[in-house]
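*Asks:* Structure below; questions to follow.
Each value in this text was obtained by applying a stated rule to the coordinates, not by laboratory testing. Since we're looking at a predicted model, the values are computed, not measured. Methodologically, a virtual Cβ is constructed for each residue, glycine included, from the backbone with ideal geometry; neighbour enumeration extends over all protein chains shown.
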């Protein structure tokens, strides 16, 4: 999996430039991370744009997939935000598909997981929170900050409640980005560690009859973990999307 | 659940502002060297790649957003709307056809019931006509038979009278013959006839 890395479970997260590019004193090289962002973009576009190009009333496979994704995100959004939440539909849909495709493509051997870079998940989370704040303030003005003032709380308790609400609001982008990042990072490290065990037991310095005998065990675990990681990849994309909906709902309906 | 695309454009600027702010924040952090110092060996936390990641993420995500909001999602929405309307139209048509079929079935039932009633009427008339005809024929035959019977009875009565007349003549002849044999003296024909009449009336 990791070229030349052997059993180094961290090697898979290394970013290597493919095309050097320096702009404004910043290193904006086209890296392996960039490459997989482009792959994600290509895969999602292939499903959604090419898949819907037939415009058939009776859909084919790819169009069914595209429609399933569309309806899944749309029903999730209306479930959380109601009908008027659908004005954010393209944003949440793009976010969900980007994260989902990154997570799933990252599971391919030799690939790079874009969402295992904290800067990527943090940027996406900050984007969500920026939209929540900007839309909330533009749409509701100061009323948006009523979000931090829960109703029906006695006066002496209010400062504490406002503090707690503010902290919980500020921790949202942190938890949103760390959840996705942590899940992807930990899952891939675990996979690589178990894969590394197999390599170490069969080709390592201490390799012998006994290590050959127990080598299938970590292999089986790696297989089971791969299945679990597929689940985690889909689940985390869903969690990211639904939390985005919950936060956007606050901007849409700030009243408690 | 088709979504109209008109509202999509309005939040495009929001997205742009948000992503620009995020990009600036990240780039500023990436530009400050030595934040993580020498310990930045763990690649996901290495700020050396933050700027590149952010830059390309902004580009790819913007392209993805543009493709989704301008091309894929409106198209899918219209496809699904069209499908819903097609299905609705087909259902309407089916309901209409069903109504027509039911109407036709009712008309057929009605025609059938009418025909049945007509047939019954015709059968009744035929039956009555037949009964009348046979009655008339029976009456005629009966009358004819009665006439024949009466004629026969008349014939019988005439024959009987004739026969009785012959018997009287024969009786008077025989009586005359017996009387002449017994007495040797022939009675007159009128006397014999009177005697026979007397005997006949008695017997």
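*Asks:* Would you mind checking the tilt of helix A:89-105 against the longest principal axis of the Cα atoms of chain A, expressed as 0 to 90 degrees and rounded to 10?
*Replies:* That works out to roughly 10 degrees.
*Asks:* A further question on this structure: If one takes the longest principal axis of the Cα atoms in chain A, at what angle in degrees, from 0 to 90 and to the nearest 10, does the Cα axis of helix A:61-81 lie?
*Replies:* Rounded to the nearest ten degrees, it is 40.
*Asks:* On to the next question. Hey, got the Cα dimensions of region A:126-221 along the principal axes, in Å, largest first?
*Replies:* Result for region A:126-221: principal-axis Cα extents of 73, 30, 19 Å.
*Asks:* In nm, to one decimal, how far is the modelled label at residue A:165 from the one at residue B:177, with both set 7 Å along Cα→Cβ?
*Replies:* 16.3 nm
*Asks:* So, one more: Could you give the angle, 0 to 90 degrees to the nearest 10, between helix A:32-45's Cα long axis and the longest principal axis of the Cα atoms of chain A?
*Replies:* 60 degrees
*Asks:* Give me the one-decimal Kirkwood hydrodynamic radius in Å for chain A, with the sum taken over alpha-carbon pairs.
*Replies:* Result for chain A, one decimal place: 21.0 Å.
*Asks:* Sort A:111, B:190, B:172 so that the residue with the fewest other Cβ atoms within 10 Å of its own Cβ comes first and the one with the most comes last.
*Replies:* B:190, A:111, B:172
*Asks:* Which residue, A:63, A:117, A:236, has the most motion in a Gaussian network model of chain A that connects Cα atoms within less than 10 Å?
*Replies:* A:63
*Asks:* I want to check the label-to-label distance for residue A:42 and residue B:135. Put each point 7 Å from Cα in the C-beta direction and report it in nm to one decimal.
*Replies:* Output for this residue pair reads 10.5 nm.
*Asks:* Using only DSSP helix segments of four residues or longer, with each worth -39500 (n - 2.57), what per-residue ellipticity at 222 nm results for chain A after dividing by its residue count and rounding to 500?
*Replies:* -22500 deg cm²/dmol
*Asks:* Please arrange B:148, B:70 by counting, for each residue, the other beta carbons lying within 10 Å of its beta carbon, fewest first.
*Replies:* B:148, B:70
*Asks:* Using only Cα atoms, locate the centre of region A:118-160 and the centre of region A:177-199, then give the distance between them in Å, rounded to an integer.
*Replies:* Spelled out, the Cα-based centre of one part sits 33 Å from the other.
*Asks:* Could you put A:10, A:119 in order, starting from the residue whose Cβ has the fewest other Cβ atoms within 10 Å?
*Replies:* A:10, A:119
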